[in-house]
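Here is the structure we will look at, set down as structure tokens.
Quick note: the coordinates plus some simple rules give every number you see, no bench work behind them. Keep in mind the model is a prediction, meaning the values are calculated, not measured. Note that we place each Cβ from the backbone using ideal geometry, even for glycine, and neighbour counts take in every protein chain shown.
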Amino acid sequence: MHELTPARPQYFFYIQRVLGIVASWVLRLYFWRSSNAYFEIGALKISILGGRIQFNDLRYISRNQSLRVVRGALTVPLSPSP
């Protein structure tokens, strides 16, 4: 017998990429005016409860230099150390 499974929206998995595009656009507006440089972010994942920001394909491009980070994470300690 064939069981019906609930349909999952396929676009749900692209939320991190969309967030990366939006963050890139905001950073590009700020840094282009101040230093003629811009950022590109492939994907951005923010974990509020874990205190972590993960990113993929981060690029910084200016007139005379460029930097590319393939995968990275920033972790914020949520409780003070004793």
Using square roots of five times the C-alpha gyration tensor eigenvalues, list the equivalent-ellipsoid semi-axes of region 10-75 in whole Å, biggest first. 23, 13, 11
Show me 17-25, 38-46 ranked by packing, highest mean number of other Cβ atoms within 10 Å first. 38-46, 17-25
Compactness check, region 39-78: C-alpha Rg relative to the 2.2 N^0.38 Å globular estimate gives 1.34
